[in-house]
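This report refers to the structure that appears directly beneath it.
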Amino acid sequence: MNTTKRLVSLDTFRGLTVAAMILVNNPGNWGALYPPLRHANWHGCTPTDLIFPFFLFIVGVAITFSLGSRKREISNHKSLVGSIIKRTVILFALGLILALFPLVLTDPLEALKTVRIPGVLQRIALVFFATAIIFLKMGWKAQAGIFAGLLGLYWILLTQVPVPGIGPANFDPDTNLGAWLDRVVFGESHLWQQSKTWDPEGLLGTLPAIATCLSGVLTGQLVKSKRIANGSKLMSMFGAGIVFLSAAIWWDDSFPINKALWTSSYVLYTSGFAMLLFAILYGVIDLKGYETWTKPFVFYGVNAITVFFLSSIMAKSMNAIKITAAGEEVSLKTWIYTSVYTPYLSPLNASLAWAFTFVFIWMLILWWMYSKKIIIKV
């Protein structure tokens with residue numbers, strides 16, 4: 001699905017987001033992290049908790065550019081739905097491959113028995129499918145209605161519906177309605193291995209995640225509109241962002257901002273920030289033309305899914321490869337990290353330096369790909 005016109009601000013926003021995702025996913029030491037690079041323990045939102053919803057917001061904006069011009073012709077819809085389904089399957093399959101790797105290479109049966117079925121790419125796949133179909137078949141007013149309806153429905157489900165076999169509705173990690181549903185559908189062996197009783201990318205949380213993507217769809221249609229002046233577009237994005245943030249902070253008292261649950265207040269909070277940042281980037285880059293500085297982020301942005309997938313494979317491989325050093329078997333990552341980083345830097349800075357090195361190495365790879373016009377469409 002090719003966009004008819006690339007927004008440099010959108011590629012930059014996507015690149016910033018993916019680079020940040022790789023940064024927070026690849027510290028040298030998970031026990032040595034600066035606070036902004038940690039997820040909130042449960043309720044609350046750190047800068048790290050903004051990254052995934054930012055990406056879904058960007059997916060929504062991109063949908064309006066990739067499908068918008070062909071949406072008008074009903075005769076195109078059948079082939080477009082086929083393309084949407086194909087991309088959904090590819091994304092979901094890539095997510096499963098990441099979950100299976102590297103255990104599938106040494107013990108395929110055990111890998112299948114314990115593979116985590118939910119995941120980041122799996123959620124992106126499901127959200128993309130639902131949002132793309134909604135955009136294709138409905139106008140912006142219906143899309144806005146669905147956005148609001150999903151937030152309200154999720155609030156009802158998490159705050160009013162009793163959890164079968166457990167008790168009243170609650171926000172606890174192991175006993176909320178979403179955690180119960182994931183255990184029923186997937187079983188504990190196919191959930192997030194750190195808990196095995198709940199999953200941060202579970203099924204029920206996909207509903208409000210679709211709303212996050214729809215906020216991007218609505219923003220994308222605003223940006224594409226030829227009837228609205230550029231200044232008014234910027235004011236609308238800033239205004240909506242402030243309203244969303246204010247509503248989220250107000251709602252936080254009764255429906256806490258929570259990434260793992262992807263609460264409705266979290267949708268408004270993160271979408272509000274996404275609108276504000278995108279408005280700034282759109283104004284500075286696409287309207288004012290200050291885009292020279294964006295190149296490193298564009299490298300990341302045009303191959304976003306590719307670099308996320310391959311960098312994850314690289315990180316897992318470095319942890320899986322074992323070498324003997326000083327009579328002790330350690331992973332390749334540990335050997336490099338303890339040889340090059342920890343002797344010269346504090347624990348926090350060594351961990352951060354490793355993560356930045358990872359981001360820089362991939363920037364060089366993506367720079368080469370960009371120079372060769374290698375853009376892998378997923």
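The values are calculated or read from the model by the stated rules, or taken from the named source; none is laboratory data. Quick caveat: nothing in here was measured; it's all calculated off a predicted structure. So basically every Cβ, Gly included, is an ideal-geometry build from the backbone, and we count neighbours across all protein chains shown.
The rows are residues; the columns are (1) under 27 Å from residue 309 (Cβ atoms); (2) assigned by TED's automatic domain parsing to the domain that holds residue 130; (3) crowded, with 18+ Cβ neighbours inside 10 Å; (4) at pLDDT 95 or above.
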position	(1), (2), (3), (4)
67	yes, yes, yes, no
84	yes, yes, yes, yes
92	yes, yes, yes, yes
108	yes, yes, no, yes
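So, in segment 284-326, how many residues would count as being in contact (Cβ under 8 Å) with a residue 24 or more places away in the chain and polar (S, T, N, Q)?
6
If you check residue 43 against the conditions, is it touching a strand residue (DSSP E or B) at 6+ places or on another chain (Cβ under 8 Å) and outside the structural domain of residue 13 (by TED's automatic domain parsing)? Walk me through it before giving the result.
Working: touching a strand residue (DSSP E or B) at 6+ places or on another chain (Cβ under 8 Å): yes; outside the structural domain of residue 13 (by TED's automatic domain parsing): yes.
Criteria met by residue 43.
Test residue 17 against the stated conditions and say whether it is touching a Lys or Arg at 6+ places or on another chain (Cβ under 8 Å), among the β-branched types (Val, Ile, Thr), modelled with pLDDT of 95 or more and within 24 Å of residue 218 (Cα to Cα). Can you show your working first?
Working: touching a Lys or Arg at 6+ places or on another chain (Cβ under 8 Å): no; among the β-branched types (Val, Ile, Thr): yes; modelled with pLDDT of 95 or more: yes; within 24 Å of residue 218 (Cα to Cα): yes.
Here the answer is no, as residue 17 does not meet what is asked.
Scanning segment 343-364 for residues that are free of Cβ contacts under 8 Å to residues at least 40 places away in the same chain and part of a helix (DSSP H, G or I), which turns out nearest to residue 36 (Cα to Cα)? Give the steps one after another, and end with the answer.
Of segment 343-364, the ones free of Cβ contacts under 8 Å to residues at least 40 places away in the same chain are 343-346, 349, 357, 360-361, 364.
Then drop every residue that is not part of a helix (DSSP H, G or I), which leaves 349, 357, 360-361, 364.
Details: 349: 14, 357: 18, 360: 20, 361: 23, 364: 26 Å.
Step by step, filter segment 343-364, then rank; the result is 349.
Given (1) within 30 Å of residue 56 (Cβ to Cβ); (2) surrounded by 19 or more Cβ atoms within 10 Å (Cβ to Cβ), where does residue 313 come up short, assuming only one miss?
(2)
Just to check your reading of the model, which residue among 245, 261, 281 is in a helix (DSSP H, G or I), in contact (Cβ under 8 Å) with a residue 40 or more places away in the chain, aliphatic (A, V, I, L, M) and assigned by TED's automatic domain parsing to the domain that holds residue 57?
Numbers: 245 fails: in contact (Cβ under 8 Å) with a residue 40 or more places away in the chain; 261 fails: in a helix (DSSP H, G or I).
Exactly one of 245, 261, 281 is in a helix (DSSP H, G or I), in contact (Cβ under 8 Å) with a residue 40 or more places away in the chain, aliphatic (A, V, I, L, M) and assigned by TED's automatic domain parsing to the domain that holds residue 57, namely 281.
Would you check if residue 215 is without any contact (Cβ under 8 Å) to a residue 24 or more places away in the chain and assigned to a helix (DSSP H, G or I)? Talk me through it step by step, then tell me what you get.
Working: without any contact (Cβ under 8 Å) to a residue 24 or more places away in the chain: no; assigned to a helix (DSSP H, G or I): yes.
Taking the combined requirement at face value, the residue does not satisfy it.
Just give me the residues in segment 192-230 being closer than 20 Å to residue 41 by Cα, at pLDDT below 95 and not aromatic (Phe, Trp, Tyr), in sequence order.
193, 194, 195, 196, 197
Might you let me know whether segment 19-32 holds any residue that is part of a helix (DSSP H, G or I), surrounded by fewer than 16 Cβ atoms within 10 Å (Cβ to Cβ), without any contact (Cβ under 8 Å) to a residue 40 or more places away in the chain and not polar (S, T, N, Q)?
We begin by selecting, within segment 19-32, every residue part of a helix (DSSP H, G or I); these are 19-25.
Narrowing the set further to residues that are surrounded by fewer than 16 Cβ atoms within 10 Å (Cβ to Cβ) leaves none.
Within segment 19-32 (the criterion being part of a helix (DSSP H, G or I), surrounded by fewer than 16 Cβ atoms within 10 Å (Cβ to Cβ), without any contact (Cβ under 8 Å) to a residue 40 or more places away in the chain and not polar (S, T, N, Q)), the answer is no, since none of the residues qualifies.
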